[in-house]
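Here is the structure we will look at, set down as structure tokens.
The values are calculated or read from the model by the stated rules, or taken from the named source; none is laboratory data. In this text the structure is predicted, and so the values were computed from the model without any measurement. Because the Cβ atoms are built from the backbone with ideal geometry, glycine has one as well, and the counts that use them run over all protein chains shown. Ligands, DNA and RNA are excluded from the accessible area calculation, which covers all protein heavy atoms including side chains. Shrake-Rupley method; radii C 1.70, N 1.55, O 1.52, S 1.80 Å.
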Amino acid sequence: MVDASFEDGGEGAIALRAETQADLSVMAALVQDAVLPITEIVWEAKARRLALLINRFRWEDKAQAEAEGRAYERVRALLVVSDVTHVASQGIDRADQDLVLSILDLAFEPAQDGAGRVVITLAGDGAIAVDVECLDVDLRDVERPYRAPSGKVPYHPD
């Protein structure tokens, strides 16, 4: 993990690169419960890149926010999967331009020679499967954090 600066110079931005399953597990924890409109998913075939502009809960700040008695935060971040050979989705109505998705998990299913599949699991039994030549995923906060609209920590009942 690398601390980065926001465009206005403010500290605390996250910039991560996942090149191993362990790296991706750390990233998955940070993007759990991120939300995004379906219109914020861009497949750039020529660049072999899938980009998602997400609104993620700042899990890394949760304990400090509680200790300081301040509001929980979300932040807009860019999640980019590189070296992509194919993208497929399941359980997503891509024609519904008002659809908002919620990320539950990121996982890597290795294949031969470092290739494999990055699976983005979504709430409601949806998923995006991204076939890659190698594991190369970036996460970067791109705007200053803002107060979480609900004011609550995301919750997953058993």
**Q.** Options 116, 151, 124; residue that is touching a Phe, Trp or Tyr at 6+ places or on another chain (Cβ under 8 Å) and more than 15 Å from residue 21 (Cα to Cα)
**A.** 151
Q) Is there any pair with a first residue in region 32-58 that is at pLDDT 95 or above and a second that is among the polar types (S, T, N, Q) and assigned to a loop (DSSP other than H, G, I, E, B) whose Cβ atoms are under 9 Å apart and which are 6 or more apart or on different chains, and what are they? A) 37/97; 38/97; 39/97; 56/32; 57/32
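Somewhere in region 145-154, is a residue in a strand (DSSP E or B), of a type outside the set (Gly, Ala, Ser), surrounded by 18 or more Cβ atoms within 10 Å (Cβ to Cβ) and within 17 Å of the chain's Cα centre (by Cα)? Lay out the reasoning, then the answer.
Step one: list which residues in region 145-154 are in a strand (DSSP E or B), which gives 146-147.
Checking the rest, the ones that are also of a type outside the set (Gly, Ala, Ser) come to 146-147.
Those still in the list that are surrounded by 18 or more Cβ atoms within 10 Å (Cβ to Cβ) too: none.
Within region 145-154 (the criterion being in a strand (DSSP E or B), of a type outside the set (Gly, Ala, Ser), surrounded by 18 or more Cβ atoms within 10 Å (Cβ to Cβ) and within 17 Å of the chain's Cα centre (by Cα)), the answer is no, since none of the residues qualifies.
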Q | Selection from region 103-125 of residues that are assigned to a strand (DSSP E or B) and either open to solvent by 30 Å² or more (accessible area, probe 1.4 Å) or at pLDDT below 95 (or both) | A | 104, 105, 107, 108, 109, 110, 117, 121
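When only residues in region 60-75 that are within 16 Å of the chain's Cα centre (by Cα) and surrounded by 17 or more Cβ atoms within 10 Å (Cβ to Cβ) count, which is farthest from residue 34 (Cα to Cα)? Walk me through it before giving the result.
Taking region 60-75 as the starting set, the residues that turn out to be within 16 Å of the chain's Cα centre (by Cα) are 60, 73-75.
Retained after the next criterion (residues that are surrounded by 17 or more Cβ atoms within 10 Å (Cβ to Cβ)): 73-75.
Working: 73: 12, 74: 9, 75: 9 Å.
Result: 73.
Considering region 34-54 alone, what residues qualify as being surrounded by fewer than 20 Cβ atoms within 10 Å (Cβ to Cβ) and under 18 Å from residue 153 (Cβ atoms)? Spell out the reasoning first.
As a first pass, look at region 34-54 and keep what is surrounded by fewer than 20 Cβ atoms within 10 Å (Cβ to Cβ): 35, 37-40, 42-49, 51, 53.
Within region 34-54, just 35 meets the criteria.
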**Q.** From the options 78, 24, residue that is assigned to a helix (DSSP H, G or I), surrounded by 15 or more Cβ atoms within 10 Å (Cβ to Cβ) and in contact (Cβ under 8 Å) with a residue 12 or more places away in the chain
**A.** 24
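Considering only region 85-102, how many residues are assigned to a strand (DSSP E or B), of a type in the set (A, V, I, L, M, F, W, C) and over 29 Å from residue 145 (Cβ atoms)?
The initial filter retains those residues of region 85-102 that are assigned to a strand (DSSP E or B), namely 85-90, 100-102.
Narrowing the set further to residues that are of a type in the set (A, V, I, L, M, F, W, C) leaves 87-88, 100-101.
Now drop any that are not over 29 Å from residue 145 (Cβ atoms), which leaves 87-88.
Residues that pass the stated criteria total 2.
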